[in-house]
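One structure is given here, and the rest of the page talks about it.
The values are calculated or read from the model by the stated rules, or taken from the named source; none is laboratory data. Being a predicted model, the structure only gives us computed values, none of them experimental. Here Cβ is always computed from backbone atoms with ideal geometry, including for glycine, and neighbour counts include all displayed protein chains.
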Amino acid sequence: MLKWLGLSLLLIVLDQASKLWVMANFHLYESIALLPGVNFTYVHNTGAAFSFLSSQDGWQRWFFVAIALVATTVLTVWLTRLKDSERWMAVTLSLILGGAIGNLYDRIAYGYVVDFVDVYVGVYHWPVFNVADCAISVGVVMMLIDTFRAHGSAKAE
């Protein structure tokens, strides 16, 4: 199932290319409207999901690096142990793995994650995110779907 690492690699390339483009073409906190409810806003996130722990004095960088390294190892081992018939889970793990590595690279290289997609309704803004965050989110949703499918088929038996 290691062939699915190609999907992870594609996501890493897309994520890093988009972040490099943003850093080269925008000033920090610069924002442009793309669509109603969607801005392109360049920010640095020193925290984790939803800027968790972003207000800390820097220790969180290495904490999140350590978590990402452990998660990357676990996901890679899990992926190698999948059966050929478990394609859904292979895609799921590959999405999460690609996103985790994309954000891990940012944390190591810059000390923060580059985010730029700002979704909002009225004055409420969702935390700004990036391609890696999208891949992780889709992967987690797919994993939940898989869990509920498996749980539903076990009840049917």
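When the range 127-144 is examined, which residues are found to be more than 17 Å from Ile101 (Cβ to Cβ), of a type in the set (Val, Ile, Thr) and either in contact (Cβ under 8 Å) with a residue 12 or more places away in the chain or assigned to a strand (DSSP E or B) (or both)?
Val128
How many of the residues making up the range 118-150 are among the β-branched types (Val, Ile, Thr) and touching a Leu at 6+ places or on another chain (Cβ under 9 Å)? Before you say what the answer is, go through the steps one by one.
Let us first name the residues in the range 118-150 that are among the β-branched types (Val, Ile, Thr), namely 119, 121, 123, 128, 131, 136, 138, 140-141, 145, 147.
This time we only want the ones that are touching a Leu at 6+ places or on another chain (Cβ under 9 Å), so: 131, 136, 138, 140.
Adding up the residues that qualify gives 4.
For the range 89-134, name all the residues that are surrounded by 14 or more Cβ atoms within 10 Å (Cβ to Cβ) and farther than 23 Å from Phe26 by Cα.
Residues satisfying the conditions are Met89, Ala90, Val91, Thr92, Leu93, Ser94, Leu95, Ile96, Leu97, Gly98, Ala100, Ile101.
Would you call Gly111 small (Gly, Ala, Ser), touching an Asp or Glu at 6+ places or on another chain (Cβ under 7 Å) and under 28 Å from Thr46 (Cα atoms)?
Numbers: small (Gly, Ala, Ser): yes; touching an Asp or Glu at 6+ places or on another chain (Cβ under 7 Å): no; under 28 Å from Thr46 (Cα atoms): yes.
No; evaluated as a whole, the condition is false for this residue.
Note down all Cβ pairs under 8 Å where the first residue falls in the range 58-76 and is of a type in the set (D, E, K, R), the second is modelled with pLDDT of 85 or more and part of a helix (DSSP H, G or I), and they're at least six residues apart or on different chains.
Short answer, once both residue conditions are applied: Arg61/Arg107.
Residue-wise test of (1) touching a strand residue (DSSP E or B) at 6+ places or on another chain (Cβ under 8 Å); (2) at pLDDT 95 or above; (3) closer than 17 Å to Thr147 by Cβ.
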| site | (1), (2), (3) |
| --- | --- |
| Arg61 | no, no, no |
| Ala66 | no, no, no |
| Ala71 | no, no, no |
| Thr80 | no, no, no |
| Asp84 | no, no, no |
| Thr92 | no, yes, yes |
| Ile96 | no, yes, yes |
| Ala100 | no, no, no |
| Asp115 | yes, yes, no |
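Residues are listed down the side, and each one gets a yes or a no for (1) without any contact (Cβ under 8 Å) to a residue 12 or more places away in the chain; (2) over 13 Å from Val114 (Cα atoms):
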| position | (1), (2) |
| --- | --- |
| Leu2 | no, yes |
| Leu10 | no, yes |
| Val13 | yes, yes |
| Gln16 | no, no |
| Met23 | no, no |
| Val38 | no, yes |
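If you go through the range 1-32 one residue at a time, how many are polar (S, T, N, Q) and more than 14 Å from the chain's Cα centre (by Cα)? Lay out the reasoning, then the answer.
Applying the first criterion (polar (S, T, N, Q)) to the range 1-32 yields 8, 16, 18, 25, 31.
From what's left, more than 14 Å from the chain's Cα centre (by Cα): 25, 31.
Residues in the range 1-32 being polar (S, T, N, Q) and more than 14 Å from the chain's Cα centre (by Cα): 2 in total.
Identify, please: which residue in the range 62-88 is closer than 15 Å to Leu7 by Cα and either touching an Asp or Glu at 6+ places or on another chain (Cβ under 7 Å) or hydroxyl-bearing (Ser, Thr, Tyr) (or both) and is, among those, surrounded by the fewest Cβ atoms within 10 Å (Cβ to Cβ)?
Ranking the qualifying residues of the range 62-88, first place goes to Thr80.
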